[in-house]
Amino acid sequence: MKRTDRQQKYYRFLLYLAVVVLVNIAGLTLFFRLDLTANRLYSLSDASIEAVSTLSEPLTINVFFTKDLPAPHNNTERYLHDLLEEYSAHSNRYFNYRFYDVSAEEGDISEKARKNQELARGYGIYPVQIQNIEQDEVKFKKAYMGMVMMHGDVLDKIPSITTTEGLEYRLTSMIEKMNSKISVLLNLEEPVDIRLYLSSSLSDIASRLRIGDIRGVSGQLGSIVEELNKKYYGKLVFASLDPSNDPAAQKEAVDYGVLTLRWPSQTQTVDGQPAQERGSAGIVISSGGKHVAIPLINVVRVPLFGTQYNFADMATMNENLSEVIDDVLDINKKIGFLSGHGALPLSGGQQMPGQPPQQEGLSNLNALISEEYSINSVDLGEGIPDGIDCLVIAGPTQEFNDYELFQIDQFLMKGKSLALFLDPFEEIAMQGQQMNYNQGPVYRPLNTGLEKLLGHYGLEVSKSYVLDENCFEQRLPEMYGGGKQAIYFAPVIRDENINNRLPFMKNIKALISILSSPVELKPDRLEAVGLEGGTVFSSSARSWEMSGRINLNPMFLRPPDDPGELKSSSLAAIVTGEFPSYFMGREIPEKPVSEEAAADSIEAARIKMDAARAAELAEGIEGEGAFIEKGEAGKLVVVGSAALLKNNVLDQGGESTNATFVMNLLDHLNGRDQYAEMRSKMQRYNPLRETSGGTKTLVKSFNIAGLPVIVALFGVIVWLRRKARKKRIEMMFSR
């Protein structure tokens, strides 16, 4: 009997062992994961699935990642591995990826790892230095953390992957761009023209400019273009021109805006004056009527050191040319940005000593947009190009004429999108003696004419600033008493005041606004014209408005005494639908004559005669389709502050929630909601929901005293149960 029991135990153990082995084998082949995170952080977005499931040519991803890296880089490798596995699971047969074994840069390495390192360097992936803490010592280590993506003959790479944030967005964007790039190149009818304008006369002053020998530049650039041609399907044509010996090339260089230097010559003119030499240096890339010039010599004026000349780095010219070629070919989706009218420029100048101040540029916004879109500068006088689906107008301060308003109106009628970042006031700084009296700036109400269009569409931007008790707090230095200073005109927009029902606002938990005006929706007007409107985000219920005489000195700002003045205000709104034209029933405005032409009496007379002649020839002819009275479904977003786009609010890396909001908004207006949701999957700033003081006290008291009380009650219950049980036993044996 004992032997039988022992055998049964052995049989049972072997059976359990076999079940465990079979479960593990099944786990290898029937692998699945559950993503229980709220934002589905570890699941592929629909845009990513569509990108890899519709590949028409092989896409290969080679990853070069050093093993056994310290935290957090080891998690990055694990995340990348899982992410590519997810891509592979949803892809068709054209998707492939591979991890290459590259050991540390230093120490013994195998022959295979050495070859893999050489392969990585061939792709332009070099080791990066990371910090490692071992045995209370800070050490530095070199590691490969890059990847290269090959699609057809097109190649792209990420030289270093140091974080998992936004990695899916980057990969999917790269796949989409490569797909688009192949399509554009295969359909290109004329080659891309790359011309080097380099005057041989510059060799005479190269030593004075300290730019080295430039005689070999033409050969180097030719080799670079030849190498680039391998991934541009042979669509690049290179030519080297010497403006010193070719007057036509000199004229072209000037027309393209290539840098031209002038200096006194050793020879003299016929009248005995010293002659002047000149030389040009630059690269012009052109295709389809669009051209971009790359400077070869950068001129920098440094205080105390004077003017410095730096020749372009030929080691990075390959990447520079590739980026500019992509821009010229408009491989990325186009986005229009208004120029003129006092609007904030994307590329502002830096103030040099002794020069007047220049308008602040939106360089961080420019960098963020350029990663995803091709930016087209829009001059309303010349019309809005057809290839643009979204037009951005940022902080205009000058009035639009009726013809320009007509261009904006008809752009919206075509079912396209318009983003307006409008300031209610223009800040005019005091100058001269007025600054000595510590007078603050003057705020002039802005009336650009856009108010007429917005009123017609059911929107109104008030001439006031919104101040909020829930605002950014500035830490004061000790010399001013320390503590924090509330900046009421910089409201902090919390989750409950953000419309998360909008797809592009999903997962955005907080924003910081600044110098914002209320953007009011007019429900009656919206209903009358058949449009739908909604708030994007608003201030808290503890906010109020400042109008009339504006003084934004934080020292003099206080919340109003009357609680009735406190109310929530919409700071951004969106209107969608089939917009009715503002010019319906009105006379179509004529294009005004430019100021230069009007100043020229002969030119003005010629334009007048041409117009009269054209009217005479067109008499009796009626056109259709030139004016759209009611358009296709479009989108209009109005944000009551252009300061949201400035560099002190947007970070260049695009990691802040404000940057995510702006880019998500542009994606939404360009019909890329899936990309907007993918970008906002991971947000660093994810604050807890604000609770009342009573709730905080209750939770705090429970944490301090609640748990001990529960343990004590549990002990009392156990003691009472034992006592009752003891009493029952005593009664049983006492009978």
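Descriptive notes on the structure:
- Looking only at the stretch 226-238, and only at residues there that are open to solvent by 50 Å² or more (accessible area, probe 1.4 Å) and not basic (Lys, Arg), the one that is nearest to Gly152 (Cα to Cα): Tyr233
- The single condition among (1) open to solvent by 40 Å² or more (accessible area, probe 1.4 Å); (2) under 25 Å from the mean Cα position of the chain (by Cα) that Val138 does not satisfy is (2).
- In the stretch 141-158, residue surrounded by the fewest Cβ atoms within 10 Å (Cβ to Cβ) [restricted to those that are at pLDDT below 80 and under 29 Å from Lys230 (Cβ atoms)]: Asp153
- So Ser223, is it at pLDDT 85 or above, open to solvent by 20 Å² or more (accessible area, probe 1.4 Å), hydroxyl-bearing (Ser, Thr, Tyr) and under 18 Å from Asn320 (Cα atoms): yes
- Candidate set: the stretch 113-160, residues that are of a type in the set (Gly, Ala, Ser) and part of a loop (DSSP other than H, G, I, E, B); chosen: the one farthest from Glu86 (Cα to Cα): Gly124
- Inside the stretch 373-396, residues that are modelled with pLDDT of 85 or more and surrounded by fewer than 17 Cβ atoms within 10 Å (Cβ to Cβ) make up a count of 2.
- Whichever residue in the stretch 161-203 is of a type in the set (Asp, Glu) and not in a helix (DSSP H, G or I) and, among such residues, is least open to solvent (accessible area, probe 1.4 Å): Asp193
- Count of the stretch 252-309 residues which are modelled with pLDDT of 70 or more, open to solvent by less than 70 Å² (accessible area, probe 1.4 Å) and either within 30 Å of Gly387 (Cα to Cα) or not in a strand (DSSP E or B) (or both): 16
- Look at the stretch 458-473: where a residue is under 8 Å from Glu520 (Cα atoms) and a partner is in a strand (DSSP E or B) and open to solvent by 30 Å² or more (accessible area, probe 1.4 Å), sitting 6+ places away or on another chain with Cβ atoms under 6 Å, you get Glu460/Glu520.
- Close pairs (6 angstrom Cβ cut-off, 6 or more residues apart or separate chains): under 22 Å from Gly152 (Cβ atoms) in the stretch 162-177, open to solvent by 30 Å² or more (accessible area, probe 1.4 Å) anywhere: Met174/Asp156
- Helices (runs of 4 or more DSSP H) fully within the stretch 1-110 counting 2 or more residues that are under 22 Å from Ile158 (Cα atoms) and at pLDDT 80 or above: 46-53, 73-90
The values are calculated or read from the model by the stated rules, or taken from the named source; none is laboratory data. Since the structure is predicted, the reported quantities are computational estimates derived from the model, not experimental observations. In this analysis, Cβ positions are derived from the backbone assuming ideal geometry, glycine residues included, and neighbour counts consider all displayed protein chains. The protein model used for the area step is the full one, side chains on, heavy atoms only, and it has no ligands, DNA or RNA in it. Shrake-Rupley method; radii C 1.70, N 1.55, O 1.52, S 1.80 Å.
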